[in-house]
Amino acid sequence: MTPKTPAAPVQPWKHLALLVVLGTAACVGLSLALNYLLLFSDSLTPFGRGAVTAIVVPIVIGLPLFALLGWQQSEIRRYRQELTRSGTYDQLTGCLNGKVFTSMVDRRAQRPAGPRSGAFLVIHPEHLASINLRFGLEWGDEALRLIASAIRSAVRKDDLIGRIGTSMFGVFLPGASEEDAKDVGERIRGTVGKIYFAPKGDKDVLAIKVGGVIFERELDFEDMFRFAEEGIAEAPEEAGLRLSHVTN
């Protein structure tokens, strides 16, 4: 049995040509039909018949056409916004995704003007693997969403927040002093500690580790991340917030 050859897809321009031809024919037919009907009206002068045609035909054709075009433009804008958002923000937490966050931090470091000092924080949720094992991955995702929301509520207006790993967040604080960084870090820890988290009705505690670096001249992302991670690795288990200093 000879296999059937799949039909060739219809080219987009053919759809457009068909729409143009049929649309034009419909408009012409509507105009002719209206003029024909008006010929039987003795109460209208030739000018009146022309005026009725000139008013009715654009309304009948233009109103639905422009309504359709306006709706399509609105949909296109919505799709573009969704596309931009999906390419910029992490879908689970709503924070900047790692690629965009890294790029924005590096661009700020390279700009000719603006504050050159600042701080960078790395936030590690604790016990996340245990939550995943005991309650399931969906509750681990919920824990990350709650922690991300707590971080957003604790940072300053111009600070940047990104999800830079599967279970890791970064916060870039331009122009921040050591006191500012400590205040933001401790505020994040306190807010996370107050989260009500009860997977499957069993109340659990969310906790995080926070490490950071204070710099006088902005560093690129890789250096900031390395110094912040070293601070967490060197800190004792009971330490809540550890900040390193880079003075060069």
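For this structure, a couple of remarks:
- Largest to smallest accessible area among MET104, MET224, MET168 [probe 1.4 Å]: MET104, MET168, MET224
- Accessible surface of THR102, taken over heavy atoms with a 1.4 Å probe and every protein chain present, rounds to 40 Å².
- Cα-Cα over 26 Å, subset of LYS182/LYS203; LYS99/LYS203; LYS157/LYS182: LYS182/LYS203; LYS99/LYS203
- Label separation (SER149 vs ARG226): 3.8 nm, computed from points 7 Å beyond Cα along the C-beta direction.
- GLU178 paired with HIS15, simple spin-label distance in nm, labels 7 Å along Cα-to-beta-carbon: 6.4
- Using heavy atoms of the protein chains and a probe of 1.4 Å, the accessible area assigned to SER43 is about 100 Å².
- Full-extension gain in nm, LYS203 to HIS127, via 0.36 nm per residue minus C-alpha separation: 26.0 nm
- Amide H partners (placed H, <5 Å) of ILE164, local residues excluded: PHE169, GLY170
- Trypsin sites (Lys or Arg not before Pro) within the stretch 126-193, DSSP loop, no more than 11 other Cβ atoms inside 10 Å: LYS157
- Fully extending the segment from ASP158 to TYR36, taken as 0.36 nm per residue of separation minus the present Cα-Cα distance, adds 37.1 nm.
- ³J(HN,Hα) computed for each position of the stretch 138-153 - Karplus, 6.51 cos²θ - 1.76 cosθ + 1.60, integer Hz, glycine/proline x: 5, 6, x, 5, 5, 4, 5, 5, 5, 5, 4, 5, 5, 4, 4, 6
The values are calculated or read from the model by the stated rules, or taken from the named source; none is laboratory data. This one's a predicted model, so the numbers in the text were calculated from it and none came from an experiment. Glycine gets a Cβ as well: all are built from the backbone with ideal geometry, and neighbour counts include every protein chain shown. Areas reflect the complete protein model, heavy atoms only, side chains present, ligands, DNA and RNA absent. Shrake-Rupley method; radii C 1.70, N 1.55, O 1.52, S 1.80 Å.
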